[in-house]
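**Q** Just passing along the structure, written as structure tokens.
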Amino acid sequence: MANSKYEYVKSFEVHDEIMHPNLIVIRIDGRNFSRFSEVHEFEKPNDEKVLNLMNACGSLVLDEFPDIVFAYGFSHEYSFIFRKDTKFYQRRASKIHSLIGSFFTSVYVTKWKEFFPFKELRFPPSFKSRVISCPTLEVLQTYISWRQRDCHSENQYNTCFSMLTKSGKSEKDAKEILEGTHKQEKNEILFQQFDINYKKLPDVFRQGSCALKTEVEDIVKYKSDGTPVKRLRKEIIIVHTENVAARSFWNGQPLLLKELGPFEGDISKINPEYIKSFQFENTLMPSTWIVIRIDGCHFHRFSEVHEFEKPNDEPALNLMNSSAVAVMEEFNDIVFSYGVSDEYSFVLKKDSSFYERRASEIVSAIVSFFSSVYVMKWKVYFPQKELKYQPYFDGRAVCYPSCHILQDYLAWRQVDCHINNQYNTCFWMLVKSGKSKSEAQNHLKGTRAKEKNELLTQCFAIDYNMLPAIFRQGSSVFWDKEEKIVINENEEVVGKSRKNLVVEHCNIIGNSFWKAHPTILGEEC
């Protein structure tokens, strides 16, 4: 397909490869989960159904991505460890952590009813994700030990706090009682005041959960003499152990030894700040426009399985647009978004300090929230279609230093929309007319825009320029005209000042659109 004059904007993308031999860990954490747990009335200090839902999500992540060999989770976080020689998505950090977070989110939403059949999911759950790049197995071992120690300490504190407040203490009093207390003192509070032996509480609360792969034998058939023919199959199991980073536990797992290697000793001391220093982070350049671009992963297959109309499925596009609207309502720093097919670009204002401009947090929060809304709203746009498996997206952050370059980026995406849609319209009309896919490709090879338009007009009586604008121009979502405050004769406020979020299918190439909407990017543009 032809290149456009806007292709140069790709040069602003930053490559974030995690170099060999560093081991890759993806850690996801629930975003605003204190509020999420309150709204959904989770049991305090632990809700076993919630933990089982998290473990189901962790297991499905291992099942979906063969390069992940081990995971550890507690509360609303999970860490996923890749085999040491992985080449998953060329080891690009943003690609890996965003799609793992997106898939985990999609599973969480689709599995919700399985664990909470009588509880409505009131708003979209979402997760932030990050990469920890471990240069040695010892660093990985220390990281795992650190996360489990956090599980132990947080659960012990939360158990004490919950019991104190349930007994009538105010939250302030409970905090004061627990301030500065050590592990043994908390155990004594639980035993003496509430007759609770902390060590007898369920393992899943105290120890967290490990998701790992084991090999089991399946009998696939029997020989003529009755001898069984067996085959090894990988199975994902959830286990709980007192010390997940112990050499005795780790070295007892054959697949971990094979894919990562043995632990040489046990960890005695942990310095969290030392471990945090291995977090793979990219702080985005200040005073630049941030664009978060998300793309559907394997959406060709997803669209085929779910029988999307070709070349365009309007309900699918409207679902994408609805998800983008929800993202803009959730994140105030986003001033404009543009989408086509299974991708969306979100523009954050130039002076944004969202998540202190940390790329991993911004990208993952937006991608995860988008995924969550997409799954939750599926039935709105496809009431007669079952969601057969979880969709997921990856994301990246790119900084653009000027309004001109930002507008060229958006123009590039719309030019791609034009080119791709025109080609796909011709391709699918040829296929529907009886040609094979390879014949359609050969027929269109080397053709220009004018020739494609003539093909549609002469062979199929289609005027390309009369096709719906949503197909040809994509979708722009932005805050439009501001409504002013209206006061009635009794000096009562009957209308408040607010902007309207609109979805339009218009030409954003050139200056006309931006001059007509000067408030989107601000006066300097």
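The values are calculated or read from the model by the stated rules, or taken from the named source; none is laboratory data. Every value quoted in this text rests on a predicted model; they were computed, and no experiment measured them. Every residue, glycine among them, receives a Cβ derived from its backbone with ideal geometry; neighbour counts consider all protein chains shown. We work out accessible area using only protein heavy atoms, side chains counted, and drop any ligands, DNA or RNA first. Shrake-Rupley method; radii C 1.70, N 1.55, O 1.52, S 1.80 Å.
**Q** Given N residues in the chain, what is Rg(Cα) / (2.2 N^0.38 Å)?
**A** Working: Rg = 26.7 Å, N = 525, 2.2 N^0.38 = 23.8 Å.
With N residues counted in the chain, Rg over 2.2 N^0.38 Å equals 1.12.
**Q** Then there's this: Per the chain: cysteines with no other Cys C-beta under 4.7 angstrom?
**A** If one checks each Cβ against the other cysteines of the chain, C57, C134, C151, C160, C210, C297, C399, C417, C426, C459, C506 turn up with nothing under 4.7 Å.
**Q** Tell me, what % of the accessible area of the chain is carbon and sulfur with a 1.4 angstrom probe? All intermediate terms of the calculation are to be shown ahead of the outcome.
**A** On the way: 12860 of 26420 Å².
Carbon and sulfur atoms account for 49 percent of the accessible area of the chain.
**Q** Please give the length that would be gained between K87 and V503 if that part of the chain were fully extended, namely 0.36 nm times their separation in residues minus their C-alpha to C-alpha distance (nm, one decimal).
**A** Working: separation 416, 0.36 × 416 = 149.76 nm, distance 3.90 nm.
Result for the pair: 145.9 nm of gain on full extension.
**Q** For the chain, return all DSSP H helices satisfying: extent of Cα atoms along own axis at least 20 Å; mean Kyte-Doolittle hydropathy at least -1.0. Each step should come with its number before you reach the end.
**A** On the way: long enough: 48-64 (24 Å, 0.42); 93-115 (32 Å, 0.25); 137-166 (43 Å, -0.74); 314-330 (24 Å, 0.26); 359-376 (26 Å, 1.56); 403-432 (43 Å, -0.17).
Answer set is 48-64, 93-115, 137-166, 314-330, 359-376, 403-432.
**Q** Further question: At 1.4 Å probe radius, can you tell me the per residue accessible area of the chain in Å²?
**A** Spelled out: the 1.4 Å probe surface of the chain, per residue, equals 50 Å².
**Q** Sort largest first and round to whole Å: the equivalent ellipsoid semi-axes of the stretch 217-339, each the square root of five times a Cα gyration tensor eigenvalue.
**A** Details: eigenvalues 380, 230, 27 Å².
After diagonalising the Cα gyration tensor, the semi-axes are 44, 34, 12 Å.
**Q** Tell me, what HN-Hα J-couplings in whole Hz come from the Karplus equation 6.51 cos²θ - 1.76 cosθ + 1.60 at θ = phi - 60° for each residue of the stretch 29-40, using x for Gly and Pro?
**A** 9, x, 9, 6, 7, 4, 5, 4, 5, 5, 4, 9
**Q** Output the pairs from K350/K515; K310/K379; K350/K481; K128/K276; K44/K175 with a Cα-Cα distance over 23 Å in this structure; if there are none, say none. Let's see the in-between values first.
**A** On the way: K350/K515 18 Å; K310/K379 20 Å; K350/K481 21 Å; K128/K276 16 Å; K44/K175 16 Å.
Checking Cα-Cα distances, every pair stays at or under 23 Å.
**Q** Can you give me the relative contact order of the chain as a percent, contacts being Cα pairs under 8 Å and 6 or more apart?
**A** On the way: 831 pairs, mean separation 90.8, N = 525.
Averaging sequence separation for qualifying contacts and normalising by length gives 17 percent for the chain.
**Q** State the Cα centre-to-centre distance between the stretch 30-52 and the stretch 283-326 in whole Å.
**A** 29
**Q** Let me know the charge dipole size of the chain about its Cα centre in debye, to the nearest 20, where only the beta-carbon of Lys, Arg (+1) and Asp, Glu (-1) is charged. Each step should come with its number before you reach the end.
**A** On the way: 68 positive and 70 negative charges, 247 e Å.
Charge dipole, the chain, about its Cα centre: 1180 debye, nearest 20.
**Q** Near the amide H of N282, under 5 Å away, which other amide H atoms are found, from residues 5 or more places off or on another chain, if H is placed in the peptide plane?
**A** Here the answer is A359, S360, since their amide H atoms fall under 5 Å of that of N282.
**Q** Right, here's the next one. Taking the Cα-to-Cβ direction at D173 and at Y389 and moving 7 Å from each Cα, how far apart do the two end points lie in nm?
**A** My value for the distance between the label points is 5.5 nm.
**Q** Right, here's the next one. Quick one: which of 124-132, 9-17, 141-149 comes out on top by average Cβ neighbours within 10 Å, and what's the full order, highest first?
**A** Working: 124-132: 24.8, 9-17: 13.0, 141-149: 21.2.
The packing order, highest mean first, is 124-132, 141-149, 9-17.
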